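Have a look at the structure below, then the notes.
Each reported figure results from applying straightforward, stated rules to the coordinates on display, with no laboratory input. This is a predicted model, so every value here is computed, not measured. Cβ sites come from the backbone with ideal geometry, for glycine too, and all protein chains shown count toward neighbours.
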Amino acid sequence: MSQFPTGASARRLVSAVQKLERNLSTAGLPRFVARLPTCWLSWHYCRMLDQKIARIKRIRGKFDRWGPAIREASPVAQEKMEMLDLDHSMRTDIEFTKSTMMDLRDYCVDIGRMFDELGYDSAALKRRQTAFIDMLEASCASASRMQEALTRHDDAVLAKLRAEADATAAHSARA
């Protein structure tokens, strides 16, 4: 995924666009023509957000499918003592994905601030930003549900293993 400009790069971009607008305006072009670089930049971010929304929607779909699949498979897996995530690597990977999505959310907010600095207001961009943030938040919620399903499954399997170990130890102690 391409990155949103943040921090210093966003400030440089704002500065460059403002300078270009001033130069175009100083050259005698009407304001609406001098404003075209900002309009183009907004259009570019709208396209980028459309792509990111589609990608995050696919990721959310995976979480939405995997969570219930884990819950359905869990009783059978418990009986066979399968799917243990003892090192928490699956949950760690999911947490990393959630963290990345929250970083993208922050970038999106930064972009909104950047356009505010430019004095540019775009309803289309704001709609996409809202849709993007909503999709990120829904994806993180779905990922959290999947993490909870993994935790419940692992806890149940470990409880079963402990009970079996206790029964074996008790049987050995009697013998």
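List of remarks:
- GNM flexibility winner over the chain from L29, L20, L49 (Cα, springs under 10 Å): L29
- Label of the coordinate-derived value, P(r) over Cα pairs in 5 Å bins from 0, in percent, listed as (i) 1, 9, 17, 21, 21, 17, 10, 3, 0; (ii) 1, 7, 13, 14, 11, 9, 8, 7, 6, 5, 4, 4, 3, 2, 1, 1, 1, 0, 0, 0; (iii) 1, 8, 20, 24, 23, 16, 6, 1, 0: (ii)
- Over the chain, Cα pairs under 8 Å with separation of 6+ residues give a relative contact order of 38 percent.
- Label sites at Q51 and L29, each approximated as a point 7 angstrom past Cα along Cα to Cβ, lie 2.5 nm apart.
- Annotation: extensible slack from H88 through A131 equals 12.3 nm (criterion: 0.36 nm per residue apart, minus Cα-Cα distance).
- In a simple Cβ point-charge model (Lys, Arg +1; Asp, Glu -1; nothing else charged), the stretch 39-174 has a dipole of about 480 debye relative to its Cα centre.
- Among the listed pairs K19/K52; K62/K126; K62/K98, those beyond 19 Å (Cα-Cα): K19/K52; K62/K126
- Chymotrypsin sites (Phe, Trp or Tyr not before Pro) within the stretch 72-175: DSSP coil, no more than 11 neighbouring Cβ in 10 Å: none
- Pairwise FRET efficiency - R65 versus A175, Cβ, R0 = 41 Å, nearest 0.05: 0.30
- Sum of -39500 (n - 2.57) over DSSP H runs of 4+, divided by residues of the chain (222 nm, nearest 500): -31000 deg cm²/dmol
- Placing pseudo-labels 7 Å out from each Cα toward the beta carbon at R12 and R113 gives an inter-label distance of 1.8 nm.
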